[in-house]
Amino acid sequence: MDDGALQRLEGDLRRGVLVLAVLSGLRTRQYGYSLRQVLADAGLPIEEGTLYPLLRRLETQGVLESAWNTDGASPRRYYWLSPDGHRLFAAMTESWRRQVDVLTTLLD
């Protein structure tokens, strides 16, 4: 297998966990850049062109809430989980843990 094929497959895996990672990061209020830093520091860097459309989509779906904060030098839009977002995060976390258990069994 060439490196390009491996990178594409790893990208598929990564895309599959981005929503859960973003929901995890938004259990506390974050603005886009701070969320990118949280994810990058945890080992999951995300491009702005991926993050911001995802945030907008999740907000449209009712999973996130947001508000502008104009108190600082530059206005920032903060995001956090809505009540539905908390329920989705809990359900996805449980699903993720079940999948990890299955894959751990298969890989061992």
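The values are calculated or read from the model by the stated rules, or taken from the named source; none is laboratory data. For clarity, every value in this text was computed on a predicted model and none was experimentally measured. We place every Cβ from the backbone using ideal geometry, glycine too, and count neighbours over all the protein chains shown.
Going through (1) loosely packed, with under 15 Cβ neighbours inside 10 Å; (2) in contact with a Pro (Cβ under 8 Å, 6 or more places away or on another chain) one by one, L39 falls short only on (1).
Within segment 8-27, is there a residue that is surrounded by 12 or more Cβ atoms within 10 Å (Cβ to Cβ) and part of a loop (DSSP other than H, G, I, E, B)? Scanning segment 8-27 turns up at least one residue that is surrounded by 12 or more Cβ atoms within 10 Å (Cβ to Cβ) and part of a loop (DSSP other than H, G, I, E, B). Answer yes or no as to whether G25 is in contact with a Leu (Cβ under 9 Å, 6 or more places away or on another chain) and under 17 Å from S82 (Cβ atoms). Yes, satisfied. Taking (1) modelled with pLDDT under 95; (2) part of a helix (DSSP H, G or I) in turn, I46 satisfies each apart from (2). If you filter segment 64-108 down to residues that are surrounded by fewer than 12 Cβ atoms within 10 Å (Cβ to Cβ) and of a type in the set (V, I, T), you find that the one that is nearest to L51 (Cα to Cα) is T70. If you filter segment 39-74 down to residues that are β-branched (V, I, T) and under 15 Å from the mean Cα position of the chain (by Cα), you find that the one that is farthest from V17 (Cα to Cα) is V63.
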